[in-house]
Amino acid sequence: MSISEEVAWVTGSSTGIGRAVAIALAEGGRRVVVHYNASEDDAREVVREIEGSSGEASLVGGDVSDAGEVERMVGEIEERYGRLDVLVNNAGSLIERRTLAEMTEDLWERVMDVNLKSVYLVSRAVLPLMKRQGGGRIINMTSIAARNGGGPGSVAYATAKGGVSTLTRAMAKELVAENILVNGVAPGVITTPFHDRFTPPDVRESLKGAIPMGREGTPEETAGVVAFLASPAANYLVGEIIEVNGGQLMS
């Protein structure tokens, strides 16, 4: 089957890294399902951009931490395309910076739901489709925070992303026999609305100072790694988490 027949779903693809991933996969020839929860206008703009470059894209909206919503969205994808070849579990949010002492149970659960539970729910929901067609790719977006504990006030987020990294390896072991290859990508400090919203300028400068390359990464640099993992060039990769951080882990 040619890549032009493949269908890719990128969760949280209205802005930032998810947007860049959706565009990169479309540029590679895949039909792309763009997903949003709250940012419908931004997601529609991504679809327009893909279509403006002669690509094919569609839109689904819903809460990836709600099992019913996830099943509905998968049903819409199946009804439209009849298949799903690449799933990129990108949706996530820090929601709010709080220390452990300040952390409420409600906020903790919200962070776990959007970052970790969503990966479990969406991955589980697409398995019947991928198994029926004989395989697929699942690429989970984790974070450098899974390795270093994250920046100030990101205790819940770092914990959730640590869970995503572990879940990625567990899924990889379980699903490889079904020809479903699971890998992860762990971005460092990337120039996105995430940091515009959650990271104060002084903290951001401090983080940037710890990067040997001396700059933040771009969403497109992260998207290129995702596109590689979705491609035939990664046919022998499984259970890997590729770090995209400008050398920050060396510091």
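The values are calculated or read from the model by the stated rules, or taken from the named source; none is laboratory data. Remember, it's a predicted structure, so these values are computed and weren't measured experimentally. Here the Cβ positions follow ideal geometry from the backbone for every residue, glycine too, while neighbour counts run over all protein chains shown.
Tabulated data for the structure shown
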quantity: From the options Arg80, Arg72, Arg30, residue that is over 23 Å from Gly135 (Cβ atoms) and either of a type outside the set (Phe, Trp, Tyr) or surrounded by fewer than 21 Cβ atoms within 10 Å (Cβ to Cβ) (or both); calculated: Arg72
quantity: Those residues of region 48-95 which are over 22 Å from Val126 (Cα atoms), β-branched (Val, Ile, Thr) and out of contact with any Lys or Arg (no Cβ under 8 Å at 6 or more places or on another chain), in sequence order; calculated: Ile50
quantity: Residue in region 6-25 that is surrounded by fewer than 20 Cβ atoms within 10 Å (Cβ to Cβ), of a type in the set (A, V, I, L, M, F, W, C) and on the phi < 0 side of the Ramachandran plot present; calculated: no
quantity: Residue within region 176-192 that is out of contact with any helix residue (DSSP H, G or I) (no Cβ under 8 Å at 6 or more places or on another chain), at pLDDT 95 or above and over 24 Å from Ala24 (Cβ atoms) present; calculated: yes
quantity: Elements of type strands (runs of 3 or more DSSP E) in region 1-117, at least 1 residues being more than 25 Å from Ile241 (Cβ to Cβ) and basic (Lys, Arg); calculated: 31-36
quantity: Scope region 180-197; condition closer than 20 Å to Ala227 by Cβ and either without any contact (Cβ under 8 Å) to a residue 60 or more places away in the chain or part of a strand (DSSP E or B) (or both); matching residues; calculated: Ile180, Leu181, Val182, Asn183, Gly184, Val185, Ala186, Pro187, Ile190, Thr191
quantity: Residues located in region 45-60, provided they are closer than 22 Å to Met130 by Cβ and either surrounded by fewer than 23 Cβ atoms within 10 Å (Cβ to Cβ) or of a type in the set (S, T, N, Q) (or both); calculated: Glu56, Ser58, Leu59, Val60
quantity: Residues (without any contact (Cβ under 8 Å) to a residue 40 or more places away in the chain, part of a helix (DSSP H, G or I) and surrounded by 15 or more Cβ atoms within 10 Å (Cβ to Cβ)) located in region 198-251; calculated: Arg204, Lys208, Glu221, Phe228
quantity: Number of the exception - Asp41 against (1) surrounded by fewer than 17 Cβ atoms within 10 Å (Cβ to Cβ); (2) at pLDDT below 95; calculated: (2)
quantity: Cross-chain or 6+ apart pairs with Cβ under 7 Å, region 133-144 first and more than 24 Å from Gly82 (Cβ to Cβ), then assigned to a loop (DSSP other than H, G, I, E, B); calculated: Met141/Asn90; Met141/Gly92; Ile144/Gly188; Ile144/Asn245
quantity: Residues located in region 118-153, provided they are surrounded by fewer than 17 Cβ atoms within 10 Å (Cβ to Cβ) and not in a helix (DSSP H, G or I); calculated: Gly134, Gly135, Gly149, Pro152
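For every residue, the table says whether it meets (1) in contact with an Asp or Glu (Cβ under 7 Å, 6 or more places away or on another chain); (2) within 24 Å of Asn179 (Cα to Cα); (3) at pLDDT 95 or above.
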{"position": "Met73", "(1), (2), (3)": "no, yes, yes"}
{"position": "Gly82", "(1), (2), (3)": "no, yes, yes"}
{"position": "Leu107", "(1), (2), (3)": "yes, no, yes"}
{"position": "Val111", "(1), (2), (3)": "no, no, yes"}
{"position": "Val114", "(1), (2), (3)": "no, no, yes"}
{"position": "Ser123", "(1), (2), (3)": "no, yes, yes"}
{"position": "Leu127", "(1), (2), (3)": "no, yes, yes"}
{"position": "Lys131", "(1), (2), (3)": "yes, yes, yes"}
